[in-house]
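**Student:** One structure, as structure tokens, below. Some questions next.
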Amino acid sequence: MSLSDGSLTSSYTFTITVSNTAPIFSSSLAAQSVGWTKSVTYALPSYSDPEGNTVTLTTVEQGQSTLPSFVTFDSATSTYTINPTSSALIGTTITISVTLSDTVLSSTYTFTITVPANTAPTIGTQTPTNQVVHVNSMVSYTLPTATDAESNPITTTFTCSPLCSFITLATDIMKMYFYPTLTT
């Protein structure tokens, strides 16, 4: 740079360094919770390089050279399919590393996949109530709604002490029918 007052000139030099910035995701990566034997997909948020360079994405289980066997990655859609089918995975959490590179700089992000412990189905806050049934009269009783935290199918069975032949269980509609007669 030169400065002049018309008769004298001063010269100065300085350096301008243009730095490269590593590629980034548009938002944070989200932790995933996937029930055993369930399958979910997780699409990564969009990503880019601030300087407009081409970005290469690589993904592995943290500390490993590949993804775990129950996780696949579709590079065309940047989407994971997570399908934990081994019971050995119940109650575990793994970390997935995702590296974005523009060939000069890279940045690594992580998210976790948790396969929660399986829990027994419940009937919530409503519990079954005792029923009084008179001989030769029918009573129907709707059972409380059962839920399963992992969304597993629920099988309803009924165990009864002697003289249960007068009880019919319609599990498809969660209803019990009582019809005692003098012969039951």
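Yes/no per residue for (1) at pLDDT 95 or above; (2) outside any loop (DSSP other than H, G, I, E, B); (3) surrounded by 16 or more Cβ atoms within 10 Å (Cβ to Cβ):
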position	(1), (2), (3)
65	yes, no, no
88	no, yes, no
96	yes, yes, yes
103	no, no, no
127	no, no, no
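**Student:** Related question: Assuming residue 153 fulfils every condition listed in (1) free of Cβ contacts under 8 Å to residues at least 12 places away in the same chain; (2) in the same structural domain as residue 97 (by TED's automatic domain parsing) apart from one, which condition is it?
**Tutor:** (2)
**Student:** Something else about it: Filter the stretch 9-27 down to residues that are touching a residue at least 24 places away in the same chain (Cβ under 8 Å) and either in a loop (DSSP other than H, G, I, E, B) or more than 20 Å from the chain's Cα centre (by Cα) (or both), then give me how many there are.
**Tutor:** Residues that pass the stated criteria total 5.
**Student:** Would you mind finding the one in 182, 143, 163 that is modelled with pLDDT of 75 or more and either in contact with a Phe, Trp or Tyr (Cβ under 9 Å, 6 or more places away or on another chain) or farther than 30 Å from residue 84 by Cα (or both)?
**Tutor:** Answer to the check: 143.
**Student:** So in the stretch 21-59, with the set limited to residues that are among the small types (Gly, Ala, Ser) and exposed (fewer than 13 other Cβ atoms within 10 Å of the Cβ), which one is nearest to residue 82 (Cα to Cα)?
**Tutor:** Looking at the filtered set, the residue picked out is 39.
**Student:** Only one residue in 60, 18, 71, 34 is of a type in the set (A, V, I, L, M), closer than 16 Å to residue 93 by Cα and modelled with pLDDT under 95. Which one?
**Tutor:** Testing whether each residue is of a type in the set (A, V, I, L, M), closer than 16 Å to residue 93 by Cα and modelled with pLDDT under 95 leaves just 34.
The values are calculated or read from the model by the stated rules, or taken from the named source; none is laboratory data. Source: prediction; values computed, not measured. Note that we place each Cβ from the backbone using ideal geometry, even for glycine, and neighbour counts take in every protein chain shown.
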